[in-house]
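I have placed the structure first, in the form of structure tokens, so that the comments after it can refer back to it.
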Amino acid sequence: MKDESVDLGIWDKLTKVVLGLLVLAIVVGIISLCVPLIHQNERMRSRNLELEAQIQREEEIAKHSKASLDSQRSDPKAIERLAREKLGYAKPGEVVIRFQEPAPATPAQ
């Protein structure tokens, strides 16, 4: 048998170019579909981190509030301190002195 090679000329080259362009188009299509998803994923991760930080802050506030509430329920000195600070109460014979912030100075007209 003879080894015969058929020269297709320009058609062989055009077929290779078309296949190359087809592969390139598929790759570009896949990338264009993935880029928005990547950006959305980044935004969601950022939002998730913000929410986790907010949860930590709220848990810390809840912990302090619970500790304050527990001390008010069980510690008579804490109740006395709150009554003195918030309500201005005093024991019999004590004098309560209240300090006021000075009024802000207004510029002369």
Rounded to the nearest 500, the 222 nm mean residue ellipticity computed for the chain from DSSP H runs (n ≥ 4, each -39500 (n - 2.57)) alone is -24000 deg cm²/dmol
Longest principal axis of the chain (C-alpha) makes with the long axis of helix 10-74 (C-alpha) an angle, in degrees to the nearest 10, of 10 degrees
The Rg/Rh figure for region 12-87, Cα atoms and Kirkwood Rh, to two decimals is 1.68
For the chain, the count of lysine pairs 8 or more apart or interchain whose alpha-carbon atoms are under 20 Å apart comes to 4
Here region 64-109 gives, from Cα atoms, an Rg and Dmax in Å of 17.2, 56
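The numbers here are math on the coordinates, done by the rules we state, and not lab data. Since the structure is predicted, the reported quantities are computational estimates derived from the model, not experimental observations.
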